[in-house]
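Quick one: the structure is below, and I'll ask about it shortly.
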Amino acid sequence: MTITQIEAAPPRSPGRLALARLRADRPAMAGLVIVAVLVALSALAPLITWWTGWAPETFDKSAIDPNLGGLPRGAWGGVSAEHLLGVEPVTGRDLLARVLYGGQVSLLVALAATAITMVTGLALGLLAGYLGGWADTVISRLIDLLMSFPSLIFMIAVLSVVRDVNRIVLLVTVMAVFGWTVIARIARGQVLTLKHREYVEAARVGGAMTGHVLFKEVLPGLTAPILVYATQSIPAYIGAEAALSFLGVGVRPPTPSWGQMINNARGWFMTDPMYLAVPCFFLGLTVLAFTLLGDGLRDAFDPKEEPA
């Protein structure tokens, strides 16, 4: 009689367990697929517009009807084989091209602002939590000061006054100035717990330098909350960029932006609803996809969400 030995499967690391939970989360995976598609479309915008033959600033007067006040010819806002999502009233500019390039702006601003806030907030949070003393006091008071500011009003004021600069760089800078405080608080709170763990104490007693302890021993323990917060910050920055452009203080023409397109489409809602629906759809879909992905990452890395 043959005896079959069944070997116990080796225990999986927390990272592998989180990845397995994420893969089992259908809404999160759907969000990941949508994000990948939107990023690819935005990155390939020059190639797509070359293929369609319509750049975002190219006027097509033949696609609009001057006898109807500049409304697009045909149904659904001028949707045709030439203009797959229709055209802009009066100018005849291709909506597909403008939406794709507007996606470039939104994603660039959101990703750049997220990267800067993550690096800044993480560095200051690590220092505040690990060093303590006067460093913790100064950084914590700076965080309190910035969080007490009405950030939206301040951003509108700064963006309205400063004019002759790159608007994308200015948007990223202003958002990052106020955005790093939350991640700094999260990092500080985590470090206050992690720095008393046995492996951190062992590294410190063993003569490891402060930089080694911070980046080799403490920082890996912050990976999960940092990753989750970064994913959830991206849709917030996309919405903020769209809101500021909608108010006229963000990205300015001729650079296309979803918020700017929504603002321009308000007066055409009754006569050409497609002009408003297209940028609203892409903005809403992008925010929803990143939100689903962020929620999935939060649930995957949170052991409390593990089924009993």
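Long-range amide H contacts for Asp65: which residues qualify at under 5 Å (H placed 1.01 Å from N, peptide plane, sequence gap of 5 or more or a different chain)?
So Asp65 has HN proximity to Gly70, Leu71, Arg73.
Also: Suppose only helical runs count, i.e. DSSP H with n ≥ 4. What mean residue ellipticity at 222 nm does that imply for the chain under -39500 (n - 2.57) per run, divided by all residues and rounded to the nearest 500 deg cm²/dmol? Mind dumping the intermediate values first?
On the way: 11 runs with 198 residues, N = 308.
Mean residue ellipticity, 222 nm, calculated: -22000 deg cm²/dmol.
Counting only protein heavy atoms and a 1.4 Å probe, tell me what percentage of the range 110-254's accessible area is made up of carbon and sulfur.
Values: 5030 of 7120 Å².
The nonpolar share, carbon plus sulfur, comes to 71 percent.
Please report the net charge: other residues with Cβ closer than 12 Å to the Cβ of Leu222, K and R +1, D and E -1. List each step's numbers first, then the result.
On the way: positive: Arg188, Lys195; negative: Glu217.
That sum, taken over residues with Cβ under 12 Å, equals +1.
What is the P(r) of the range 151-236, as percent of Cα-Cα pairs per 5 Å bin from 0?
Reading the bins upward from 0: 3, 12, 18, 16, 12, 11, 9, 8, 6, 3, 1.
Heavy-atom accessible area of Asp94 with all protein chains present, probe 1.4 Å, nearest 10 Å²?
0
Among Glu241, Glu198, Glu217, what's the order by accessible area (1.4 angstrom probe), most exposed first? Display every interim value, and only then the final one.
Working: Glu241 0, Glu198 140, Glu217 45 Å².
These residues rank, largest area first, as Glu198, Glu217, Glu241.
Roughly what angle does helix 167-194 make with the longest principal axis of the chain, taking Cα atoms, 0 to 90 degrees, to the nearest 10?
20
With the cut-off at 26 Å, report for the chain the share of all Cα pairs above it, as a whole percent.
Details: 27350 of 47278 pairs.
Beyond 26 Å sits 58 percent of the P(r) for the chain.
Let me know the shape class of the range 64-117, please: from the alpha-carbon gyration tensor, a ≥ b ≥ c as square roots of the eigenvalues, rounded when a/c is under 1.5, otherwise prolate if a/b is greater than b/c, or oblate.
Working: a/c = 5.17, a/b = 2.97, b/c = 1.74.
Prolate is the answer for the range 64-117, as a/c is 1.5 or above and a/b outweighs b/c.
Suppose every K and R has +1 on its Cβ and every D and E has -1 on its Cβ; what is the size of the dipole of the chain about the Cα centre, in Debye to the nearest 20? If you can, show how the numbers build up before the last one.
On the way: 22 positive and 21 negative charges, 87 e Å.
With Lys and Arg at +1 and Asp and Glu at -1, about 420 debye.
Ignoring ligands and nucleic acids, what accessible area does Met175 show with a 1.4 Å probe (Å², nearest 10)?
Taking all protein chains as shown, Met175 has close to 10 Å².
Considering the dipole of the chain built from charges on the beta carbon (Lys and Arg +1, Asp and Glu -1) around the Cα centre, which of Val138, Gly206, Leu219 is farthest to its positive end?
Result: Gly206.
Viscosity 1.567 mPa s, temperature 4 °C: give me the Stokes-Einstein translational D for the range 96-218 in µm²/s, with Rh taken as the Kirkwood radius over C-alpha pairs. Show your work: numbers first, answer last.
Numbers: Rh = 16.5 Å.
The estimated diffusion coefficient comes to 79 µm²/s.
Keeping all protein chains in place and using 1.4 angstrom, which order do His196, His83 fall into by accessible surface area, from largest down?
On the way: His196 120, His83 5 Å².
Descending order: His196, His83.
Let me ask something else about it. Using only alpha-carbon positions, what ratio does the radius of gyration of the range 1-156 give when scaled by 2.2 N^0.38 Å?
1.76
Protein chains only, probe 1.4 Å: how do Met209, Met118 rank by accessible area, largest first?
On the way: Met209 145, Met118 20 Å².
Ranking Met209, Met118 by accessible area, largest first, yields Met209, Met118.
So if I place +1 on the C-beta of Lys and Arg and -1 on the C-beta of Asp and Glu, and nothing else carries charge, what would the dipole magnitude of the range 42-109 be about its Cα centre? I want it in debye, nearest 20.
Details: 4 positive and 6 negative charges, 10 e Å.
It comes to approximately 40 debye.
Another question, then. Val158 to Ala20: extension gain in nm, 0.36 nm per residue of separation minus the Cα-Cα distance? Mind dumping the intermediate values first?
Numbers: separation 138, 0.36 × 138 = 49.68 nm, distance 4.47 nm.
The Val158-Ala20 span can extend by a further 45.2 nm.
Roughly how many whole Å is it from the C-alpha centroid of the range 286-302 to that of the range 144-176?
After rounding, the separation between the Cα centres reads 27 Å.
Grab every C-alpha pair in the range 15-85, bin the distances at 5 angstrom width from 0 up to the longest one, and report whole percents.
P(r) for the range 15-85, in whole percents per bin: 3, 13, 14, 14, 12, 11, 9, 8, 6, 5, 3, 1, 0.
Quick one: accessible area per residue over the chain, 1.4 Å probe, rounded to a whole number of Å²?
On the way: 16560 Å² over 308 residues.
Here the residues of the chain average 54 Å² of exposed surface.
Can you give me the solvent accessible area of Lys195 with a 1.4 Å probe, rounded to the nearest 10 Å²?
30
Moving on to the next point. What fraction, in whole percent, of alpha-carbon pairs in the range 172-308 exceed 27 Å separation? Could you put the intermediate results ahead of the total?
Details: 4092 of 9316 pairs.
Beyond 27 Å sits 44 percent of the P(r) for the range 172-308.
The values are calculated or read from the model by the stated rules, or taken from the named source; none is laboratory data. Keep in mind that this is a model prediction, so the values were computed, not measured. Glycine gets a Cβ as well: all are built from the backbone with ideal geometry, and neighbour counts include every protein chain shown. The area values use the complete protein model at the heavy-atom level, side chains included, leaving out ligands, DNA and RNA. Shrake-Rupley method; radii C 1.70, N 1.55, O 1.52, S 1.80 Å.
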